[in-house]
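Enquirer: Quick one: the structure is below, questions incoming.
Bear in mind these aren't lab numbers, they're just calculated from the coordinates by the rules spelled out. Predicted model, so just to flag it, every value in this text is computed and none were measured. Quick reminder, even Gly has a Cβ in these numbers, built from the backbone with ideal geometry, and neighbours come from all protein chains shown.
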Amino acid sequence: MSRALAVAFITMMVTAVAFAKTKHCLVRVYAQANAKDTEVFASPITTPISGKSIFIEKIPTVSERDIVAFRPYAGANGTFGALLQLDEHGRLALETLSIEHRGSVLVVIVNGKAATELMVDRRVSDGQLYIASGLTAADIDLMRRDWPQIGQKKRR
């Protein structure tokens, strides 16, 4: 009996992994960490806009799994920007982050590259994350494969 349950459980897990929808575009938002934290909790990074050397938390606060829609646009100096609409989990995570880390820096990493940095200066409760510039056309194409544009119906 226990063997049959084990086989059923393994079959269920393999099926779930096989049919899980993977994302093409990776978006991670990291909060600034304390420089005295150990390497277990923080990683050094040079911010893309100001060029400062700071430490960021190892665990992202917001990821691509929290994004439900986006709106791209042409940004400065030939790059692109995007407005990201977050789901309820992402909205709550961003709001909590904006309260707890006021005065610090957020680093947005898109497809493994630090795209932009954001200064936390106010509470953000609308569930929208604004990336002013730093995205490439390839990044926007990958976003289009994963999420609908804000205002459009969900794709199946």
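Enquirer: If R₀ is 22 angstrom, what is the calculated FRET efficiency for the pair ARG65 and LYS36, using the beta carbon separation as r and rounding to 0.05?
Expert: Details: r = 30 Å, r/R0 = 1.38.
The formula returns an efficiency of 0.15 here.
Enquirer: Give the Kirkwood hydrodynamic radius (Å, one decimal) of segment 54-140, defined as one over the mean of 1/r across all pairs of different Cα atoms. Walk me through the numbers on the way to the answer.
Expert: On the way: mean 1/r = 0.0750 Å⁻¹.
Radius from the Kirkwood sum: 13.3 Å.
Enquirer: I've got another one for you. For LYS36, give me every one of the aspartates and glutamates with a C-alpha distance below 19 angstrom, ignoring sequence neighbours fewer than eight places off in its own chain.
Expert: GLU57, GLU100
Enquirer: How about LYS153: which lysines have a C-alpha closer than 24 Å to its C-alpha, ignoring those fewer than 8 places off in the same chain?
Expert: LYS153 reaches LYS21, LYS23.
Enquirer: Could you tell me the distance between the Cα centroids of segment 122-156 and segment 40-77, to the nearest Å?
Expert: Comparing the Cα centres of segment 122-156 and segment 40-77, I get a distance of 14 Å.
Enquirer: For THR46 and ALA76, what does the FRET efficiency come to when R0 = 25 Å and r is the distance between their Cβ atoms, rounded to the nearest 0.05? Kindly include the intermediate steps, with their values, before the conclusion.
Expert: Working: r = 20 Å, r/R0 = 0.79.
Taking R0 as 25 Å, the efficiency between THR46 and ALA76 is 0.80.
Enquirer: Let me ask something else about it. What distance in nm separates the two pseudo spin-label positions at GLU88 and GLN149, each 7 Å out from Cα along the beta-carbon direction?
Expert: About 2.9 nm separates the two model spin labels.
Enquirer: Another one. As a test of understanding, state the convex hull volume per residue of segment 104-156 from its alpha carbons, in Å³.
Expert: Values: hull volume 5.6 nm³, N = 53.
Expressed per residue, the convex hull around the Cα atoms of segment 104-156 is 105 Å³.
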